[in-house]
Amino acid sequence: GLAADDAATVAFGARVYAETCASCHGADLEGQPDWRRRLPNGRLPAPPHDETGHTWHHPGEQLFALTKYGPAALAGGGYQSDMPPYEGVLSDAEIWAVLSYIKSRWPQQIQDRHDQISQQ
């Protein structure tokens with residue numbers, strides 16, 4: 001699960017994020033420009049994972065599933081996304097470490113709010 005307060009997990013997650021996620025979601029979790037506006041192909045740009053995005057609005061288990069199986073699999077209905085599923089690419093431990101790193105970068109009040117969302 002999420003371990004945003006575990007320094008070793010966060011450091012590991014930071015490395016995996018830099019290698020795997022930063023090319024789309026940004027080195028500083030800033031996402032792609034105009035991330036709410038659909039691209040000409042109808043898909044959405046990569047959203048930010050900092051506190052300005054909606055990542056923290058989703059429980060930890062849902063974030064894990066989105067990463068492992070990809071948004072298209074979870075959304076269904078022919079939804080298309082540029083984000084691939086990471087099942088078979090990243091281990092479960094690597095996915096949880098990345099999510100822990102992302103969460104560790106949020107302001108404390110956002111982390112606290114996310115804890116409440118994940119417990120509901």
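The values are calculated or read from the model by the stated rules, or taken from the named source; none is laboratory data. Treat the numbers as computed from the prediction; the structure is a model and nothing was measured. Counting neighbours? That spans all protein chains shown, and the Cβs are built from the backbone with ideal geometry, glycine included. Heads up: the accessible areas ignore ligands, DNA and RNA and are worked out on the full protein's heavy atoms, side chains in. Shrake-Rupley method; radii C 1.70, N 1.55, O 1.52, S 1.80 Å.
Does His49 satisfy being under 22 Å from Gln120 (Cα atoms), surrounded by 13 or more Cβ atoms within 10 Å (Cβ to Cβ) and not hydrophobic (A, V, I, L, M, F, W, C)? In short, yes.
The residues on offer are Leu63, Leu2, Leu44, Leu29, and the sole one that is in contact (Cβ under 8 Å) with a residue 40 or more places away in the chain and either open to solvent by 40 Å² or more (accessible area, probe 1.4 Å) or more than 18 Å from Pro107 (Cα to Cα) (or both) is Leu2.
Checking the stated criteria, Ala46 turns out to be under 11 Å from the mean Cα position of the chain (by Cα) and hydrophobic (A, V, I, L, M, F, W, C). Residues that are assigned to a loop (DSSP other than H, G, I, E, B) and among the charged types (D, E, K, R) within region 61-120 comprise Asp82, Arg105, listed in sequence order. Search region 66-118 for residues being among the β-branched types (Val, Ile, Thr) and open to solvent by less than 70 Å² (accessible area, probe 1.4 Å), and hand back the single one that is nearest to Ala46 (Cα to Cα). Checking each candidate, the answer is Thr67.
Taking Leu44, is it in a loop (DSSP other than H, G, I, E, B), more than 22 Å from Phe12 (Cβ to Cβ) and of a type in the set (A, V, I, L, M, F, W, C)? In short, yes. Residues that are without any contact (Cβ under 8 Å) to a residue 24 or more places away in the chain, among the aromatic types (Phe, Trp, Tyr) and open to solvent by 30 Å² or more (accessible area, probe 1.4 Å) do not occur anywhere in region 6-24.
Close Cβ contacts (under 7 Å, 6 or more residues apart or on different chains) running from residues in region 70-85 that are charged (D, E, K, R) to residues that are open to solvent by 40 Å² or more (accessible area, probe 1.4 Å) comprise Asp82/Arg43.
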